[in-house]
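Remarks on the structure that follows.
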Amino acid sequence: MTDGLLALLAALPIFVIFLLMAVLRKPATVAMPVAFAVTLFLALFVWNTYPNWVLAASLNGIVIAFKILLIVFGALTLLFTLRESGAIETIKQGFTSISPDKRVQAIIITWLFGSFLEGAAGFGTPAAIAAPLLLSLGFPALAAVMVALIANSTAVSFGAVGTSTIIGVGTSLDLPQVQSALAEQGIGWESFIHQIGAWSAIQHLAPGIVVPLLMIAMMTKFFGENRSFREGLAIWPFAIFAALSFLIPYTLVAVFLGPEFPSVIGGLAGMAIVIPAARKGFLVPKERWEFPEPSQWEKNWMGNITIAPATEGQKQMPLAKAWLPYVLIGILLVVTRIRTLPINSWLMSVKAEATQVFGSGVTIDFDPLYNPGIIPFMLISLVAAWIYGMSRKQVSTAWSEAVLRIKGPAIALVFAVPMVRLMMQSGNNPLDMAGMPLAMAQFMAGMVQGAWPFVAPFVGALGSFIAGSNTVANMLFGLFQYSMAEQTGLPAVIIVSLQNVGGGIGNMIAVHNIIAACATVGLVGVEGILLKRNLIPVLIMATIAGVVALFLSYI
């Protein structure tokens, strides 16, 4: 079988997903079971993957899907707790006092607050929190998810306190031959990972600076009354100001301190700079932008979750009290993710683990206390109920509605994640065939040769699309990117960093991220619309990253 045909077959599950979701607009609950069936057929009858590896990979996918569902459920319990208590209405009024302009609100919540959440926790947390918060501010559910996913890109390369770089890249390249090659160049392992982080941040600068403006332009184009890019582009001074307010501290931290805290500190510094500036109207357009009246919204804009305004006579809650659950979540996420603190090791020690499942090399684990859905989301939901003095009926309403909303995404995720794991483990076969993702990447490498710096971020984006995680994408393609650098004589640090950059960019089209984010605002059957639209910023940003990389590699 030729490399081209093998790559084409490997890409078949992806084509199926795009055809069903983006072209035929089938819901993920239909598309993902079909894509899983196609992947299973390919794994068994084309790749001849060992049956025990097929079973182990599928079971591992189901467990990972359950972990994701816990995050979604925790985000929903928090949303409904805040709704039932009236805190959401106070938060809404607080953001309106900063700026009534929906463009400004979207940038602050998704680009700055969302980046902080990504740096602290990662793994789908930003969209799970930011999208419902936007919904509470009067955003159409579809618009809320779209901008939350687009914004959650630049910060992803340092998500979960640097996990994407430290664990993702580190696990892939921590091999004797790589260590030996670095030693010959006089580079220590810690220094190498630090350089990967620094160059990831530097190479995020050019695509990152356009993210806030790009997402706002798409928001006004697809959801504005006039369907105009111009109304989004009109906020360019403020959007670039917000971009730089995050990117400058983000890059400085990556270069001088390391990969653990660029997104956390960038998000916090950005909020400290941008929120007071927005409150004073600095660079904010004089003409306010709003969504059209809800009566004019298209049917697919709306989810089945509503945030009713405060009833007349309801006691106004202090803004600090309303925000307290989010503050507690931020503190807990940071404290529990810092690896040098004892609480981190304690939470991770509570773990169920099975190694060599079905005689394969697959390890399945579940660490419930480290899952952000449980700590802090569900924990803080219970604490918030106590802080707000909620009745038992209000708490019951919040949690029972969360249970009701989780059913749809559960079906899609239980097929989507096992499909991903099957693709990743398909290389375990008696024919010595490269696994499906690697087959696609190797074919691309043969096609482009010396232009690889331009293609490298697209491979990273493909990895995140397939795996749903930049960390896993880096594990999947990190060694491949390093090998391509060696074969072409290109700087390894630049090329491996591009994998990390592309993985962050591709996060916005990761299928199970889309499914999970839709679930938090009650959207069903629109995943294909989001996939097709979010592909636009992915292509733009990956192209910018690729052009910059060509310059850095050869000039």
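Rule-based calculations on the coordinates, nothing more; no lab input. Values in this document were obtained by computation on a predicted structure and should not be read as measured data. Quick reminder, even Gly has a Cβ in these numbers, built from the backbone with ideal geometry, and neighbours come from all protein chains shown.
When you count, for each residue, the other Cβ atoms within 10 Å and take the mean per peptide, how do 31-40, 70-79, 460-469, 197-206 rank with the highest first?
Values: 31-40: 21.5, 70-79: 25.9, 460-469: 28.1, 197-206: 23.8.
Peptide ranking by packing, descending: 460-469, 70-79, 197-206, 31-40.
If I fit a long axis through the Cα atoms of helix 392-405 and take the longest principal axis of the Cα atoms of the chain, what angle between them do I get, 0 to 90°, rounded to 10?
Relative to the chain, helix 392-405 is tipped by roughly 40 degrees.
Hey, what do the phi angles of region 255-266 turn into as Karplus ³J(HN,Hα) couplings, whole Hz, using 6.51/-1.76/1.60 and θ = phi - 60°, x for Gly and Pro?
6, 9, 10, x, x, 6, 10, x, 6, 4, 5, x
Taking every pair of alpha-carbon atoms in region 98-168, give the share separated by more than 18 Å as a whole percent. Write down the numbers at each step before the final one.
Working: 826 of 2485 pairs.
Across region 98-168, Cα pairs with separations above 18 Å total 33 percent.
If Rh is defined by the Kirkwood formula over all Cα pairs and Rg also comes from Cα, what ratio Rg/Rh do you get for region 186-249? Spell out each step's value before the answer.
On the way: Rg = 16.8 Å, Rh = 13.5 Å.
Here Rg/Rh amounts to 1.25.
Taking the Kirkwood radius as the inverse of the mean 1/r across Cα pairs, report the Rg/Rh of region 408-555. Intermediate results must be reported in sequence, preceding the final value.
Numbers: Rg = 16.0 Å, Rh = 15.8 Å.
Looking at region 408-555, the ratio lands at 1.01.
Please list, or write none, the aspartates and glutamates whose alpha carbon is within less than 16 Å of the alpha carbon of K321, excluding same-chain residues fewer than 8 places away.
E84, E89
What list of ³J(HN,Hα) couplings, whole Hz, do you get for region 40-53 from phi and the Karplus terms 6.51, -1.76, 1.60, once you set θ to phi - 60° and write x for glycine and proline?
4, 4, 4, 4, 7, 10, 10, 7, 6, 4, 4, x, 5, 5
Can you pull the Rg over Rh of region 323-382, Cα-only, Kirkwood? Spell out each step's value before the answer.
On the way: Rg = 14.3 Å, Rh = 12.8 Å.
Rounded to two decimals, Rg/Rh equals 1.12.
Spelling out what I want: for every residue of region 484-501, take phi, set θ = phi - 60°, compute 6.51 cos²θ - 1.76 cosθ + 1.60 (Karplus), and round to whole Hz; glycine and proline get x.
4, 5, 5, 5, 9, x, 8, x, 4, 4, 5, 5, 5, 4, 5, 4, 5, 5
Per q in 0.22, 0.31, 0.32 1/Å, what log10 I(q)/I(0) does a Debye calculation on the alpha-carbon atoms of region 501-552 return?
Normalising to I(0) and taking log10 leaves -0.77, -1.14, -1.18.
If packing is taken as the average count of other Cβ atoms within 10 Å, what order do 354-362, 101-109, 431-439, 4-12 fall into, highest mean first?
Details: 354-362: 14.8, 101-109: 25.2, 431-439: 19.7, 4-12: 17.0.
Top to bottom by mean Cβ count within 10 Å: 101-109, 431-439, 4-12, 354-362.
What is the Cα coordinate range of region 195-349 on the first, second and third principal axes, sorted by size from largest, in whole angstrom?
Principal axes ranked by extent give 52, 42, 34 Å for the Cα atoms.
Which of the listed residues, I494, L133, N429, is farthest toward the dipole's positive end in the chain, when Lys, Arg count +1 and Asp, Glu count -1 at the beta-carbon?
Toward the positive end, the furthest listed residue is L133.
Taking a quarter of the surface of the Cα convex hull of the chain, what do you get in nm²?
Details: hull surface 98.2 nm².
The orientation-averaged projected area of the Cα hull of the chain comes to 24.6 nm².
Let's test the formula: R0 of 25 Å, r as the Cβ-Cβ distance of V335 and V383. What FRET efficiency results, to the nearest 0.05? Write out the running numbers ahead of the final one.
Values: r = 15 Å, r/R0 = 0.60.
It comes to 0.95.
Checking the cross-link filter: which aspartates and glutamates have an alpha carbon closer than 15 Å to that of K532, excluding same-chain neighbours under 8 positions apart?
Those aspartates and glutamates meeting the cut-off do not exist here.
For region 111-231, what log10 I(q)/I(0) values come out of the Debye formula at q = 0.11, 0.13, 0.14, 0.17 1/Å, with one point per alpha carbon and no solvent?
Normalising to I(0) and taking log10 leaves -0.49, -0.62, -0.69, -0.87.
Kindly express, to the nearest 10 degrees and within the range 0 to 90, the angle between helix 211-223's C-alpha long axis and the longest C-alpha principal axis of the chain.
60 degrees
So for region 8-84, considering every pair of alpha-carbon atoms, how many percent are separated by more than 16 Å?
Numbers: 1881 of 2926 pairs.
Pairs farther apart than 16 Å: 64 percent.
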